[in-house]
1. Please turn the phi angles of segment 86-91 into ³J(HN,Hα) values with the Karplus equation 6.51 cos²θ - 1.76 cosθ + 1.60 (θ = phi - 60°), one per residue in order, whole Hz, x for glycine and proline.
2. Going by amide H atoms built from the backbone, whose H comes under 5 Å of the H on SER61, apart from near neighbours?
3. Taking segment 45-129, which chymotrypsin sites (Phe, Trp or Tyr not before Pro) meet the DSSP loop condition and have no more than 16 other C-beta atoms within 10 Å?
4. Kindly report the accessible area of segment 44-171 per residue (heavy atoms of protein chains, probe 1.4 Å, no ligands, DNA or RNA), in Å².
5. Using the Karplus curve 6.51 cos²θ - 1.76 cosθ + 1.60 with θ = phi - 60°, work out ³J(HN,Hα) for each residue of segment 166-173 in order, rounded to whole Hz, and write x for Gly and Pro.
6. Suppose R0 equals 22 Å. What FRET efficiency, 1/(1 + (r/R0)^6) with r the Cβ-Cβ distance, do THR175 and ASP132 give to the nearest 0.05?
7. Starting at the first residue of segment 103-114, write each ³J(HN,Hα) from the Karplus equation 6.51 cos²θ - 1.76 cosθ + 1.60 with θ = phi - 60°, in whole Hz, x for Gly and Pro.
8. Which length gain, in nm to one decimal place, applies between ARG48 and THR124 when the Cα-Cα distance is subtracted from 0.36 nm times their residue separation?
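The values are calculated or read from the model by the stated rules, or taken from the named source; none is laboratory data. What you are looking at is a predicted structure, and each value in this text was computed from that prediction instead of being measured. Note: ideal-geometry Cβ built from the backbone for every residue, glycine included; neighbour counts use all protein chains shown. Note: areas computed on protein heavy atoms with side chains; ligands, DNA, RNA excluded. Shrake-Rupley method; radii C 1.70, N 1.55, O 1.52, S 1.80 Å.
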Amino acid sequence: MLSRPTVHRTKTTKPAGIVWLMASLCTLVTAVSVSAQLQFHINSFDMRELQAGNQNWDIASDGEQTIFAANNYGLIEIRNSGPTLHPSPSGTIIRSASWINGRLYTGSFEEFGYWQPDDSQSPTLRYTSLSDKLDHPQMNNNEIWRIVEHQYLIYFHRFGDIYAYDAKILQRVDTPGQMMF
């Protein structure tokens, strides 16, 4: 008669289960702490406190934790310390904003230009008008809606025209008709 092979059963030890549980807990705690570091802090600012309008038209960032909003009442600058409203130089709604090469370019009703700090120590922004540099200003009753950079030129787009600026010279770009965007 054939004998059955002897099967030796080993007792399962509980430490393996405990090791698995501890490894799982460590992974969970690490994942939670890493995701907590990646969360953004969101603030809500009261427009009455800021004395800004209730509508933002465009948004730009300098890439160093400062956000700019083109607002009905001017330019809103949001830093870690809180928001600051810079009134529009012409007193009109700012419609477009774009951060390009260390300057914030903005466009509004019959006006466009750029903002930059007064100096490296001051957080105050100083505005320089570019529309004043036009030989034959044709900005009557029109607004700059888009500002983009392409091949070292900055383009200001309104419904009827496009203006190109190379940090020295501002000129109107001839187009084969009106350019809608």
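1. Ordered by residue, 3J(HN,Hα) equals 9, x, 5, x, 9, x Hz.
2. For SER61, the qualifying residues are PHE68, TRP99.
3. Values: sites: PHE45, TRP57, PHE68, TYR73, TRP99, TYR105, PHE109, PHE112, TYR114, TRP115, TYR127; in loops: PHE45, TYR73.
Of the chymotrypsin sites (Phe, Trp or Tyr not before Pro), the ones in loops of segment 45-129 whose Cβ has at most 16 other Cβ atoms within 10 Å are PHE45.
4. Working: 7330 Å² over 128 residues.
Heavy-atom SASA per residue in segment 44-171 reads 57 Å².
5. 10, 6, 9, 10, 10, 9, 7, 8
6. Numbers: r = 23 Å, r/R0 = 1.03.
The value I calculate is 0.45.
7. Values per residue, Gly and Pro as x: 10, 9, 8, 10, x, 8, 5, 6, 7, 8, x, 9 Hz.
8. Net length gain for the segment: 25.2 nm.
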